[in-house]
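Report on the following structure.
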Amino acid sequence: MSEQPRSGESASASDPEELREQVEHTREELGATVEALAAKADVKAQAKEKAAEIREQAAAKAAHASDQLRDKAAHAAELVRDKTPEPVRDKASHAAAHLRDGAARAGHLAAEKTPEPLREKAGTAATMARANRAPLLAAGAVALALLLILRRSRSGGSRSRGWSCGR
């Protein structure tokens, strides 16, 4: 048998090191192909990617709409300011300042008349409420729902019968 290369093979392809490199290259290509096919078959991952893409688009649209609303509100405020006569603006400004001063005085008076232990407890409660805002809102929503359900169940019978003069 001779060492002649077969048709389609180069002389260097018979070198064992060259063959190992070709095999390794083929393995890498096959691995990349398998990964690509697996990614196409992974519907859950595709759905997550699509959801993330849609979330990003929605956030961008919301930011754009918010910017537009802010601009329109600023423009409307400017128009109102331009159309409002100066004496009316002055009166409104003075009235707002008067209300702010009165509210500040009432707050200071209430703070002075409130005992120190009660102020400390109120401050602690306010801090805890700010720290636990989500659970408090959820509890408030549940309490409101229960109140509405109880109210409806108590008055539900009289609503269905209509008004009665005998009551």
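The values are calculated or read from the model by the stated rules, or taken from the named source; none is laboratory data. This one's a predicted model, so the numbers in the text were calculated from it and none came from an experiment. Neighbour counts run over all protein chains shown; Cβ positions are idealised from the backbone, glycine included. Heads up: the accessible areas ignore ligands, DNA and RNA and are worked out on the full protein's heavy atoms, side chains in. Shrake-Rupley method; radii C 1.70, N 1.55, O 1.52, S 1.80 Å.
Tabulated values for the structure
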quantity: Accessible area in square angstrom per residue, the stretch 27-103, 1.4 angstrom probe; calculated: 88
quantity: Apportionment of accessible area to carbon and sulfur, the stretch 5-135, percent (1.4 Å); calculated: 60
quantity: Cα-based Rg of the chain normalised by 2.2 N^0.38 Å, two decimals; calculated: 2.46
quantity: Calculated [θ] (222 nm, deg cm²/dmol) that DSSP helices of n ≥ 4 give over the chain, each run adding -39,500 (n - 2.57); calculated: -30000 deg cm²/dmol
quantity: Point-to-point label distance, GLU17-ALA38, nm (Cα→Cβ direction, 7 Å offset); calculated: 3.3
quantity: Difference of contour (0.36 nm per residue) and Cα-Cα distance, THR26 to GLN46; calculated: 4.4 nm
quantity: Approximate spin-label separation MET128-LYS83, in nm, with each point projected 7 Å along Cα-to-Cβ; calculated: 5.1
quantity: Note, ³J(HN,Hα) from phi for the stretch 90-105, Karplus 6.51, -1.76, 1.60, rounded to Hz, x at Gly and Pro; calculated: 5, 4, 5, 5, 5, 5, 5, 5, 4, 5, 4, 5, x, 5, 5, 5
quantity: Nitroxide proxy distance, nm - points 7 Å out along Cα→Cβ at ASP101 and LYS113; calculated: 2.1
